[in-house]
Structure formats: C-alpha cells, structure tokens
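Trainee: For reference, the structure I am asking about is given below.
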Amino acid sequence: MSGTPTNAGITKGGQAESYSKTNLPDWKDIVINAITITEHEDWARLADVGNNIRKVDSAFDARTYGSKTLLLLVRTAPDSFEIREETEGSHPPVHYIKAVQK
C-alpha cells in the first residue's frame with residue numbers, strides 16, 4: 001500500500017474514481033457546482049451545499065485539501081466565495097454561501 005492518500009468515488013457514469021494529492025480536482029469548481037444545484041436565489045445554505053457536493057463529486061473531502069471542515073475550506077478563498085452567518089437565539093449559527101461574481 002502506498003503512503004499517498006487517495007479518495008475513491010463513483011462518477012456519474014458509475015466508474016470508480018480515485019484521487020491522489022497530485023491529481024486533485026479544483027475544489028472551488030466542485031463547490032461552485034454544488035452551489036448552483038443548491039441555491040434558490042443568490043445565497044445557498046452551506047449544509048445543503050455540503051450535501052450536494054456528494055452528488056457532484058462523491059470523493060470530495062475538505063480534509064484532503066487541508067481543512068477540517070467545508071466552512072474552514074471556503075473561508076480560505078474570500079476572492080471566490082462570500083459567507084453570511086445568521087444566528088437566532090441560542091441556536092447554532094446557520095452559514096450561507098455564494099460564489100463571488102468575477
């Protein structure tokens with residue numbers, strides 16, 4: 001077994017797919033595709049985006065890109081994404097995301 005971590009997933013065609021750290025797809029493209037599927041207007045709830053990422057790329061894992069969570073990963077790219085946090089009472093905050101128009 002090699003020391004290079006891989007993620008295995010299934011493509012839309014049903015074929016197995018494996019990523020090593022040297023051939024990772026651009027995570028920003030994956031997140032943008034998931035936002036497009038999710039959004040009802042400009043903003044998409046980050047939890048829904050996370051669920052739709054599995055539809056876009058079942059092998060995706062934020063840890064592969066060096067972040068503990070999707071929120072922390074997205075925060076590393078303020079030029080590509082805006083994040084909004086909403087808090088209601090004592091409930092945990094809900095995060096919304098949108099892609100920055102370039």
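What follows is calculated from the coordinates using simple rules that are stated; it is not laboratory data. Everything numeric here is computed off the predicted structure, so don't read it as measured data. Quick reminder, even Gly has a Cβ in these numbers, built from the backbone with ideal geometry, and neighbours come from all protein chains shown.
Trainee: Can you give me the number of residues within the stretch 62-102 that are under 12 Å from Val31 (Cβ atoms), in a strand (DSSP E or B) and of a type outside the set (A, V, I, L, M)?
Mentor: Number of matching residues: 2.
Residue-by-condition table, conditions (1) in contact with a helix residue (DSSP H, G or I) (Cβ under 7 Å, 6 or more places away or on another chain); (2) within 11 Å of Tyr96 (Cβ to Cβ):
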residue	(1), (2)
Thr36	no, no
Glu41	no, yes
Asp48	yes, yes
Arg54	no, no
Phe60	yes, no
Gly66	no, no
Thr69	yes, no
Leu73	yes, no
Ala77	yes, no
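Trainee: I need the full set of residues from the stretch 43-61 which are in a helix (DSSP H, G or I), touching a residue at least 24 places away in the same chain (Cβ under 8 Å) and crowded, with 17+ Cβ neighbours inside 10 Å, in order please.
Mentor: Leu46, Val49, Val56
Trainee: Output the number of the condition that Thr87 fails; it satisfies all remaining conditions of (1) closer than 16 Å to Ile32 by Cβ; (2) surrounded by fewer than 18 Cβ atoms within 10 Å (Cβ to Cβ); (3) touching a Pro at 6+ places or on another chain (Cβ under 8 Å).
Mentor: Checking Thr87 against (1) closer than 16 Å to Ile32 by Cβ; (2) surrounded by fewer than 18 Cβ atoms within 10 Å (Cβ to Cβ); (3) touching a Pro at 6+ places or on another chain (Cβ under 8 Å), the one that fails is (1).
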